[in-house]
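Comments concern the structure below.
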Amino acid sequence: MPGRRFSDGLHQALEAKEGVKVEQENQTLASITFQNFFRMYEKLAGMTGTADTEAAEFKTIYKLDVVIIPTFKPVTRDDYADVVYKNAAAKYRAVVREIKEMHDKGRPVLVGTINIDISEHLSNMLKKENIPHEVLNAKYHEREAEIIAEAGQRGRVTIATNMAGRGTDIKLGEGVAGLGGLHILATSRHESRRIDNQLRGRSGRQGDAGSSRFYLSLEDDLLRIFGSDRISGIMERLGMEEDEPIEHSMITKAIENAQRKVEGHNFDIRKHLLEYDDVMNKQREIIYTQRRTVLQGEDIKGMIQEMVTDAAAAIAAETINDHIPAEDWDWKSVADRMRDMFGAEVDITEDERLAMDGEALTERLRQEAIKAYEARELEVGSENMRHLERMVLLQVVDSHWKDHLLNMDHLKEGIGLRGYGQKNPLDEYKREGYEMFVDLMESIKQQTVSTMFMVRLVSEEEIEALEQQRRAEQEAMEMRRNDEEAVVQKPMVRQGDKIGRNAPCPCGSGKKYKRCCGKSK
């Protein structure tokens, strides 16, 4: 994936290991879960052949009811009970035996596998038995539709991963319906019943004849985790051999119960993720509504004025202290803060301070802030002020929101540990997330207002003058570089005759030149 980087410092560790430049970690600019993305639509609906097993999730997440529409023609497919073997080797031998039996009869067989490795393994076993077949997996995706469409022809054997070839109708070849139709042979159960139903549903379409059977072993993940000991104990007590299977509706029901448990567990994980994202979703709606207002070019003068008065009220709130008289409040700090934030000189006299209370101070600072805002608008012009407001607010919101997303990610990473302190991590995440968002909105107000009053708009003439100055400096630098290159270094001219290293030193010391005056040369 070009341009993508591993997170949580993994990419930096790889860069350090490989001796290349360690770059900064990517930062998330926006994120949303699929569930909240879909819930943004006013209307939601869908159609699928396998929604019934997930009805509870559709109802909980999307408030959607699942309605089962009967098939156009009655389903005549025979769905045989699952067959369970002691180990995987015995299972695959039985699968090959059944494929050979069906192939000899001329019936087409579609073999479903949970991954490519098993597809390749079965393919090798079929090659040894000289059974012609097609393998459909991610390696041959360009021929996927072509291969699966032909899977219903007489004597055809197709091995496919459970996910491959969906969306292509398998039509039965001539005379195949009389032989019993397409036989679906699954090599294991998937964690989700939906995937099994999709595989099974490829046979018996539009009232066609067909059949399906699932082959399992005690070494399959699903059985290994759920109920394998119980079934294994039954097999041992009955004294069953490796190649003797158990086939009973009770086992099929036990496996379906195991699948329900896994599906429930997976649903809980998705629901848990959604509960955390719902916290972010409320914040996302507020921020994106604010951004949308700016991007659509709406007049945000009222919003900015509200921010200005709120910023002034915040300065007042920091100053007010009910425990000491008003004349002892930090009036110097009030004047400094108003000057830094709005560029306004606020002079509150001694007499005014004596009569001042918290409410009066807040109102006074608000009035001073609005005066400063109106003076700023007069200075830059109404049209420029509207443009400045939009540009500053958008830039500040984007910068702070990006940092907030990073902080929320860090909060989520460690919040699970709160459970050790007998606290609900989700409640803690909601509480701290809310506090962080309140701080974010306050920071956005403060920085937007201070930037509005600090930034200086440059006229076209000033831009042109700056550009001319830059060009002049560049030309002067170029000329200086050319002059330096044009300077020709003069060759060094030796004064007097050359003295050999072993010749007597001309100073008269009697030593060789290399051991006397020539020593340092």
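Only the coordinates and a few stated rules stand behind these numbers; no lab work does. Note that the coordinates shown come from a computational prediction; the quantities given were computed from them, not determined experimentally. Glycine also receives a Cβ, built like all others from the backbone with ideal geometry; neighbour counts cover every protein chain displayed.
Tell me, what is the percent relative contact order of the chain, built from C-alpha pairs under 8 Å that lie six or more residues apart? Numbers along the way, then the final one.
Working: 597 pairs, mean separation 66.7, N = 521.
13 percent.
Ordered by packing density, taken as the mean number of other Cβ atoms within 10 Å over each peptide's residues, highest first, how do 287-299, 497-509 rank?
Working: 287-299: 13.2, 497-509: 11.3.
My ranking of the peptides, most packed first, is 287-299, 497-509.
Please list, short to long, the whole-number percent of alpha-carbon pairs of the range 64-201 in consecutive 10 angstrom bins beginning at zero.
Calculated P(r), rounded to whole percents: 11, 42, 36, 9, 1, 0.
Along the three principal axes, how long is the range 168-229 when you take its alpha carbons, biggest first, rounded to the nearest angstrom?
Here the spans come out as 45, 20, 15 Å, largest first.
Pop the C-beta distance of residue 219 and residue 38 into the FRET formula with R0 = 35 Å and round what comes out to the nearest 0.05.
Working: r = 38 Å, r/R0 = 1.10.
Plugging the Cβ-Cβ distance into 1/(1 + (r/R0)^6) gives 0.35.
Evaluate the Kirkwood expression for the hydrodynamic radius of the range 298-364, namely the inverse of the mean inverse distance over all pairs of different C-alpha atoms, and round to one decimal in Å. Don't skip to the answer; put the middle values down first.
Details: mean 1/r = 0.0786 Å⁻¹.
Hydrodynamic radius (Kirkwood, Cα pairs) of the range 298-364 is 12.7 Å.
What ranking do 64-75, 207-218, 398-409 get when scored by the average of other Cβ atoms within 10 Å per residue, highest first? Walk me through the numbers before you get to the answer.
Details: 64-75: 10.2, 207-218: 21.2, 398-409: 16.2.
Final packing ranking: 207-218, 398-409, 64-75.
Please quote Rg/Rh for the range 412-466 to two decimal places, taking the Kirkwood radius as Rh and restricting both calculations to Cα atoms. The partial results should precede the final answer.
Working: Rg = 21.6 Å, Rh = 14.9 Å.
We get a ratio of 1.45 for the range 412-466.
Using the Cα atoms as the points, what is the convex hull volume per residue of the range 378-485 in Å³? Before the final figure, lay out each step's value.
On the way: hull volume 17.6 nm³, N = 108.
In the range 378-485, the Cα convex hull volume per residue is 163 Å³.
Among 30, 64, 83, whose Cα sits farthest toward the positive end of the charge dipole of the range 18-134 (+1 at Cβ of Lys/Arg, -1 at Cβ of Asp/Glu, about the Cα centre)?
83
In debye, nearest 20: dipole of the chain around its Cα centre with unit charges on the Cβ of K, R (+) and D, E (-)? Working shown, then result.
On the way: 77 positive and 93 negative charges, 796 e Å.
So the dipole magnitude of the chain works out to roughly 3820 debye.
Please provide three numbers in whole Å: the alpha-carbon extents of the chain along the principal axes, with the largest listed first.
The principal-axis extents, from largest down, are 104, 103, 50 Å.
Based on the mean of other beta carbon atoms within 10 Å per residue, what is the order of 93-100, 428-435, most packed first? Kindly include the intermediate steps, with their values, before the conclusion.
Details: 93-100: 17.6, 428-435: 15.9.
With the highest mean Cβ count within 10 Å placed first, the list reads 93-100, 428-435.
Which whole-percent values make up P(r) of the range 7-61 when all C-alpha to C-alpha distances are grouped in 10 Å steps starting at zero?
For the range 7-61, the binned pair fractions read 17, 28, 16, 19, 19, 2 percent.
More than 27 Å apart: what percent of Cα pairs in the range 232-368 qualify? List each step's numbers first, then the result.
On the way: 5657 of 9316 pairs.
Summing the P(r) tail past 27 Å for the range 232-368 gives 61 percent.
Taking every pair of alpha-carbon atoms in the range 1-146, give the share separated by more than 27 Å as a whole percent. Spell out each step's value before the answer.
On the way: 6450 of 10585 pairs.
The calculated P(r) of the range 1-146 puts 61 percent of pairs beyond 27 Å.
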